[in-house]
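The values are calculated or read from the model by the stated rules, or taken from the named source; none is laboratory data. Remember, predicted model here, so these are calculated numbers, not experimental data. Backbone-built Cβ (ideal geometry, glycine too); neighbour counts: all protein chains shown. These area figures cover heavy atoms from the full protein model, side chains too; ligands, DNA and RNA do not enter into them. Shrake-Rupley method; radii C 1.70, N 1.55, O 1.52, S 1.80 Å.
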Amino acid sequence: MKLKKISIMALACAVSLGFLGCGEDKTQEVYKVKFAHVVSANTPKGQAADFFAKRVDELSNGKIKVEVFPSAQLVDDDKVFQELTRNNVQMAVPSFSKFTPIAKEFNVWDVPFLFRDTEHLHKVMDSEVGQILKDVVSQKGIIALDYWDAGFKQFSTNKKPIVLPEDAKGQKMRIMSSKVLEEQTKAIGAIPQVLPFGEVYSALSTGVVDAAENPLSNLYNSKFYEVQSSITLSNHGYLGYLVVVSDSFWKQLPDDLKEIFKQALHEATEFERKESEKEEKVLLEKLKKDDTSKTEIITLTPEQVSVWKETMQAIYPKFYDIVSQDLIEKIIQVQ
């Protein structure tokens with residue numbers, strides 16, 4: 001009888017506590033996180049991922065352990081949503097363009113000359129608008145938490161320098177897959193060419209495309225300057241990342257650890273933004289110093305920027321069926 005009673009108690013413990021074991025304190029459970037991203041560890045995004053892993057370990061007293069997998073070692077961004085929904089990956093930070101198939105509102109980040117400067121951009125991200133966009137993603141079964149920077153985009157070409165919109169006429173321009181970017185390119189008379197990032201250097205080198213748009217980090221680290229005769233510091237568009245976590249993982253995480261997780265991520269976000277800003281300044285100097293091909297670097301005057309804004313703002317109505325007019329106007333109104 002005594003043996004039977006012990007067996008029943010053991011079964012009850014197993015059912016109620018699962019893998020923790022009978023009598024084990026659940027507060028001692030360690031939550032393991034696989035954090036996948038596609039850039040190298042020495043980039044601002046890579047450094048911020050490592051910063052987050054260290055900081056969340058400290059704040060949680062070792063209850064949250066993050067293992068970072070840079071350079072697509074675990075999975076690339078084209079497949080990461082699938083792995084997040086399966087909880088094979090618990091955390092990722094894909095570029096905005098990867099979200100447009102599941103959240104068309106994310107096309108708003110591609111709208112040209114929508115953000116006045118970095119300060120305005122970050123205010124938008126941290127405002128009601130930024131939360132609206134995160135909520136759209138979170139409704140798809142992936143929890144959206146924070147925005148990280150890649151940088152503003154610049155035009156480059158191996159033909160006529162693109163100083164004013166009409167200078168791009170007839171040039172074959174590589175873009176990411178985006179209806180907004182297609183309309184932007186057509187508006188300045190260029191010919192949009194959608195190509196995977198890995199093919200861009202070769203395409204620029206062989207003349208398959210003449211021009212491109214990239215943040216300075218891509219222009220420098222991928223050495224696009226070697227096959228472009230000019231770079232225009234236009235800051236016409238923006239590239240960014242969204243930090244997301246698996247819905248399954250998030251539901252398992254206790255509320256107190258959720259708050260710690262978000263605090264560590266907030267600190268990592270501040271770190272990443274500062275590092276990204278610093279990197280832009282450093283890369284511009286490196287471009288001037290390391291570019292043996294002497295690519296011309298052009299800075300637009302306020303008058304030239306005004307011409308660009310007038311040209312691009314005239315086509316905003318073309319984006320309203322992709323991104324609502326209300327969302328664009330909300331962004332413009334953020335002070």
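Brief remarks follow.
- Potential lengthening between I102 and Q304 on full extension [0.36 nm per residue; Cα-Cα distance subtracted]: 69.1 nm
- Here K258 is the anchor, and the aspartates and glutamates within straight C-alpha reach of less than 15 Å, apart from those fewer than 8 places off in the same chain, are E29, D57, E58, D146, D247, E267.
- The convex hull around the C-alpha trace of region 261-301, projected and averaged over every direction, spans 4.3 square nanometres.
- Here semi-axes √(5λ) of the Cα gyration tensor in Å was calculated from the structure, and among (i) 49, 18, 17; (ii) 45, 21, 17; (iii) 38, 23, 18 it sits at label (ii).
- Whole-percent carbon and sulfur share, accessible surface of region 188-335, 1.4 Å: 51 percent
- Region 154-228: trypsin sites (Lys or Arg not before Pro) in DSSP loop, at most 16 other beta carbons within 10 Å: K159, K169, K223
- Here, P(r) means the percent of Cα pairs in each 5 Å bin from 0 to the largest distance; for region 278-326 it is 4, 15, 13, 12, 12, 14, 14, 9, 4, 0.
- Cα-based values for region 163-252, radius of gyration first and Dmax second, are 15.8, 55 Å.
- Using a simple spin-label model with pseudo-atoms 7 Å out from Cα toward Cβ, K288 and S177 lie 3.9 nm apart.
- Pairwise Cα distances in region 190-335 exceed 18 Å for 72 percent of all pairs.
- A 1.4 Å probe run over the chain, with the rest of the protein chains in place, finds 49 Å² accessible per residue.
- Förster radius 25 Å - calculated FRET efficiency between K274 and Q131 (Cβ-Cβ, nearest 0.05): 0.65
- For region 52-90, the list of GluC sites (Glu not before Pro) that fall in a loop by DSSP and count at most 11 other C-beta atoms within 10 angstrom is empty.
- Beta-bridge orientation, region 31-333: approximately 55 percent antiparallel, per DSSP, counting only bridges with both partners inside.
- Here the spin labels are modelled as points 7 Å beyond Cα on the Cα-Cβ line, and at D321 and Q73 they lie 4.6 nm apart.
- Entries of K34/K134; K104/K223; K286/K309; K34/K179; K65/K281 with Cα pairs more than 23 Å apart: K104/K223; K286/K309; K34/K179; K65/K281
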